1. From the list GLU82, GLU18, GLU63, GLU115, which residue is within 30 Å of LEU259 (Cα to Cα) and either loosely packed, with under 15 Cβ neighbours inside 10 Å or modelled with pLDDT of 90 or more (or both)?
2. Looking only at residues that are of a type outside the set (Ser, Thr, Tyr) and modelled with pLDDT of 90 or more in segment 26-39, which one is nearest to MET68 (Cα to Cα)?
3. Which of the helices (runs of 4 or more DSSP H) found entirely inside segment 209-279 contain at least 3 residues meeting this: out of contact with any Ser or Thr (no Cβ under 6 Å at 6 or more places or on another chain), basic (Lys, Arg) and surrounded by 14 or more Cβ atoms within 10 Å (Cβ to Cβ)?
4. Looking at (1) surrounded by fewer than 20 Cβ atoms within 10 Å (Cβ to Cβ); (2) touching a Cys at 6+ places or on another chain (Cβ under 6 Å), find the lone condition where PHE58 falls short.
5. Kindly indicate which of LEU129, LEU125, LEU141 is in contact with a strand residue (DSSP E or B) (Cβ under 7 Å, 6 or more places away or on another chain), in a helix (DSSP H, G or I) and within 25 Å of HIS73 (Cα to Cα).
6. Going by the conditions given, is LYS206 over 26 Å from MET163 (Cβ atoms) and part of a helix (DSSP H, G or I)?
7. Mind counting the residues in segment 73-108 that are under 18 Å from ASN56 (Cα atoms) and hydrophobic (A, V, I, L, M, F, W, C)?
8. Among the candidates THR142, THR128, which residue alone is assigned by TED's automatic domain parsing to the domain that holds ILE94, without any contact (Cβ under 8 Å) to a residue 60 or more places away in the chain and either buried (at least 18 other Cβ atoms within 10 Å of the Cβ) or in contact with a Gly (Cβ under 7 Å, 6 or more places away or on another chain) (or both)?
Amino acid sequence: MIKDLSCSIHVKKNIVNELNTNKVSGTYILYGNDKNRLFEIALAFGKSLNCEVLKNDFCGQCESCIRMEKGTHGDLELVVGENGIKIESIRNLIYRASTSAYEGKNKIFILKDIENMRIPASNALLKTLEESQKGNFFFLLTTSLNILSTIKSRSTIIKISEMKREELGVSLEEYEFFNRKAMEILEYKKQNFNIESPVDYFNIGKFMKVYFIDKNLENKINIYKSLRYFVNNLKWSSKIDILYFIDEIVMNLSEKNFLNEILEYVASLNSPNLNLENILKAKNRLRIPINIKALLIKIFIKKNI
């Protein structure tokens with residue numbers, strides 16, 4: 001149910017108010033730093049618009065809610081693009097948006113990382129939003145509002161602020177270990193994973209390989225540990241060790257978007273061994289085709305990008 005979402009009371013009230021208006025269609029921009037939480041909230045919104053039991057909320061138990069959660073619902077469309085959503089994906093969305101709902105209620109379109117959307121795709125999406133048909137609901141997820149102003153003007157914008165440490169009931173060390181990501185912290189509390197025992201940072205490739213298969217938080221915790229240990233010992237590491245560490249990341253990076261998470265995590269450590277400005281520049285370059293190994297070398301070995 002909406003009351004159980006991992007977000008602030010203010011956000012929950014916003015969602016409830018929007019649902020109570022009984023709109024026949026709508027476009028929402030959800031923005032914040034925690035991508036997993038953005039998706040959780042968008043999916044909850046979609047469940048509430050199609051739940052078979054509750055009105056303006058979701059039960060999580062009916063057939064519609066279950067299939068929404070599994071991603072198998074006929075009226076749920078997820079649009080992603082590793083290097084930015086392309087025009088082909090928007091054309092497919094336009095076709096789906098022009099057809100009737102398969103299951104008789106509302107069609108839910110969730111678009112991830114829209115700040116990386118290509119210009120042709122943005123313009124095509126704008127036209128669809130302007131001519132949105134009854135029963136179409138679009139949820140645009142982003143970590144930045146650096147998107148077309150015309151898209152923003154057509155949308156209801158909901159900021160998903162970070163949950164405070166006190167709300168999550170964790171120590172400052174735990175809060176910072178997970179870079180303030182509420183969903184990971186809640187899962188960590190549930191599973192009682194160990195975040196204190198050290199790991200060999202040379203094994204980061206092994207941890208990444210397994211994580212991309214099972215998405216288990218325990219493996220992601222090991223990635224975090226590897227990054228922390230590596231950064232804390234960077235000034236004592238040889239170039240050979242640094243290059244080996246970089247190669248392990250590059251060879252096992254099966255999801256390019258994960259590189260952004262790595263850079264965000266490294267930046268959050270606020271280490272004197274790194275130049276924060278260089279990391280921020282590197283993050284901006286992820287929007288274009290780049291040589292990932294060369295980029296990481298410039299961050300971890302060279303003083304300036």
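The values are calculated or read from the model by the stated rules, or taken from the named source; none is laboratory data. Note that the structure is predicted; figures quoted are calculated from it, not measured. Here the Cβ is made from the backbone with ideal geometry for all residues, glycine too, and neighbour counts use every protein chain on show.
1. Among GLU82, GLU18, GLU63, GLU115, only GLU82 is within 30 Å of LEU259 (Cα to Cα) and either loosely packed, with under 15 Cβ neighbours inside 10 Å or modelled with pLDDT of 90 or more (or both).
2. Only one residue fits best here, namely PHE39.
3. Details: elements: 217-232, 239-251, 258-268.
By residue number, 217-232.
4. In the conditions (1) surrounded by fewer than 20 Cβ atoms within 10 Å (Cβ to Cβ); (2) touching a Cys at 6+ places or on another chain (Cβ under 6 Å), PHE58 misses (1) alone.
5. Exactly one residue qualifies, and that residue is LEU129.
6. Spelling it out, LYS206 is indeed over 26 Å from MET163 (Cβ atoms) and part of a helix (DSSP H, G or I).
7. 2
8. THR128
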